[in-house]
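Here the structure comes first, spelled out in structure tokens, and everything after it is commentary.
The values are calculated or read from the model by the stated rules, or taken from the named source; none is laboratory data. Remember, it's a predicted structure, so these values are computed and weren't measured experimentally. Virtual Cβ from ideal backbone geometry, glycine too; neighbours counted across all protein chains shown.
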Amino acid sequence: MLQLLFVTVFFFYLVPSTLCGNLGCLYRPLIEKDITFQPLAIECPRNEVCYKAEGHYGGHIGLSSSGCMTRKVCGQERDVFYRGVVYTLSYSCCNWAYCNACGGLFANTFVIIIIVTLVTVAEVFGR
């Protein structure tokens, strides 16, 4: 019975991600860092990667956002005007599913999926 559970979880979580050609990321609009916003799971257009951005004003990190973007913006900084203040927005990118998770439910779910997948593979092929 335990093997059936592992195989079922394996097919529901791992197989769809390998068949899909587009990258899954978390979207969070550009908002103040202290504001709670439940990120949305999105699918990036082809040839885009996940990103996280932080807006700095002096030594203070005041803004953040995440989502999908082209690789050419990765690692760059841009100035943005937000509520009367100019912030320097720094972009960092990654290219695996939901890699721009910033903790919380999605990151924990992703780790659980990886662990269940590894245990399933070990269970199925270990016998």
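Please count how many residues of region 7-66 are under 30 Å from ALA122 (Cβ atoms) and either at pLDDT below 90 or in a helix (DSSP H, G or I) (or both). I'd like the intermediate steps shown before the answer.
From region 7-66, those under 30 Å from ALA122 (Cβ atoms) are 7-26, 41, 43, 50; that's our starting set.
Retained after the next criterion (residues that are either at pLDDT below 90 or in a helix (DSSP H, G or I) (or both)): 7-22.
Number satisfying all stated conditions: 16.
Scan region 86-126 for residues that are under 21 Å from CYS44 (Cβ atoms), touching a helix residue (DSSP H, G or I) at 6+ places or on another chain (Cβ under 8 Å) and at pLDDT 80 or above and jot them down.
Listed by number, the residues that qualify are TYR91, CYS93, ALA97, TYR98, ALA101.
If you take the residues in region 79-98 that are within 21 Å of the chain's Cα centre (by Cα) and assigned to a strand (DSSP E or B), which one is farthest from ILE35 (Cα to Cα)?
Once the filter is applied, the top-ranked residue is CYS94.
Can you run down the residue pairs with Cβ atoms below 7 Å, 6 or more apart or on separate chains, where the first is in region 20-43 and within 15 Å of THR70 (Cα to Cα) and without any contact (Cβ under 8 Å) to a residue 60 or more places away in the chain and the partner is part of a strand (DSSP E or B) and among the polar types (S, T, N, Q)?
TYR27/SER66
Do you know which of the residues in region 58-85 that are hydrophobic (A, V, I, L, M, F, W, C) and in contact with a Lys or Arg (Cβ under 8 Å, 6 or more places away or on another chain) is farthest from ALA41 (Cα to Cα)? Break it down into steps so the answer makes sense when it comes.
Of the residues in region 58-85, the ones hydrophobic (A, V, I, L, M, F, W, C) are 61, 63, 68-69, 73-74, 80-81, 85.
Cutting the leftovers down to in contact with a Lys or Arg (Cβ under 8 Å, 6 or more places away or on another chain) gives us 61, 63.
Details: ILE61: 24, LEU63: 20 Å.
Checking each candidate, the answer is ILE61.
Those residues that are buried (at least 17 other Cβ atoms within 10 Å of the Cβ) and of a type in the set (A, V, I, L, M, F, W, C), I need them from region 43-74; list them, please.
Once the filter is applied, which keeps residues that are buried (at least 17 other Cβ atoms within 10 Å of the Cβ) and of a type in the set (A, V, I, L, M, F, W, C), region 43-74 yields CYS44, VAL49, CYS50, ALA53, LEU63, CYS68, MET69.
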